[in-house]
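**Student:** Next up is a structure, given as structure tokens.
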């Protein structure tokens, strides 16, 4: 995790990265079945932390446009549109003075290279990178243990929830990174879950993102709080 942050590979805070790592480790210990999905990987930092925390054999699918992010829609608020206007001008800053990742040529290749440089080559760790809009590329056909959803705006967040949540394993978790950051993301999550029985889910924003854990049907005991990471992460 220190190397990921030192190399400016993620916007996520240490608390959010720790939460992702802890969930992966908890799922391995508890035997929660299913693949891992990340939607929106930017420079790949959070995905590398996930790769370091999961069992090597567990499948991990990463979806991203690997370029300029798509524009928000009318369902997003003024905050999203203001942010996108800045990005579109070419003047958006990156992480600690680096170029903004959306302006980088061959971002896909750079992300693949970062995985290898930090010790997790994608072929050896059952990692697949899928390029394109999630609306076009995300089609889930197997159980999911963890989904890290970091796609900012209403429409892609809704798409991820609609296509992933029905496949979420009992004990599995959805981590919506931007729930407290962008109004469209928050609205998509609230809209999606408003008609679903609250007794089936545990909602937690204490790490700065929204973590939604699925209960067993009829079980009202809160899921175990994920432990702190148990090994050194990149």
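The values are calculated or read from the model by the stated rules, or taken from the named source; none is laboratory data. Values in this document were obtained by computation on a predicted structure and should not be read as measured data. When we count neighbours, we look across all protein chains shown, and the Cβ atoms used for this are built from the backbone with ideal geometry, even at glycine.
**Student:** Give the range 204-226 a look and list any residue that's modelled with pLDDT of 85 or more and either surrounded by 14 or more Cβ atoms within 10 Å (Cβ to Cβ) or part of a helix (DSSP H, G or I) (or both), or say none.
**Tutor:** Hits for the range 204-226 are 204, 207, 208, 209, 210, 211, 212, 213, 214, 215.
**Student:** Every residue in the range 191-203 that is assigned to a loop (DSSP other than H, G, I, E, B) and surrounded by 10 or more Cβ atoms within 10 Å (Cβ to Cβ), please.
**Tutor:** 196
**Student:** Out of contact with any helix residue (DSSP H, G or I) (no Cβ under 7 Å at 6 or more places or on another chain), part of a strand (DSSP E or B), in contact (Cβ under 8 Å) with a residue 12 or more places away in the chain and within 22 Å of residue 182 (Cβ to Cβ) - does that describe any residue in the range 38-52?
**Tutor:** For the range 38-52, residues out of contact with any helix residue (DSSP H, G or I) (no Cβ under 7 Å at 6 or more places or on another chain), part of a strand (DSSP E or B), in contact (Cβ under 8 Å) with a residue 12 or more places away in the chain and within 22 Å of residue 182 (Cβ to Cβ): absent.
**Student:** Hey, another quick one. Regarding the range 157-168, can at least one residue be identified that is touching a residue at least 12 places away in the same chain (Cβ under 8 Å), touching a strand residue (DSSP E or B) at 6+ places or on another chain (Cβ under 7 Å) and within 14 Å of residue 72 (Cβ to Cβ)?
**Tutor:** Taking every residue of the range 157-168 in turn, at least one turns out to be touching a residue at least 12 places away in the same chain (Cβ under 8 Å), touching a strand residue (DSSP E or B) at 6+ places or on another chain (Cβ under 7 Å) and within 14 Å of residue 72 (Cβ to Cβ).
**Student:** What is the number of the single condition among (1) under 30 Å from residue 26 (Cβ atoms); (2) without any contact (Cβ under 8 Å) to a residue 24 or more places away in the chain; (3) in contact with a strand residue (DSSP E or B) (Cβ under 7 Å, 6 or more places away or on another chain) that residue 100 does not meet?
**Tutor:** (1)
**Student:** Within the range 135-170, work out how many residues are assigned to a strand (DSSP E or B) and surrounded by fewer than 19 Cβ atoms within 10 Å (Cβ to Cβ).
**Tutor:** Of the residues in the range 135-170, 2 are assigned to a strand (DSSP E or B) and surrounded by fewer than 19 Cβ atoms within 10 Å (Cβ to Cβ).
**Student:** Quick test of your reading of the structure: residue 73 fulfils all but one of (1) more than 17 Å from residue 188 (Cα to Cα); (2) not in a helix (DSSP H, G or I). Name the failing condition by number.
**Tutor:** (1)
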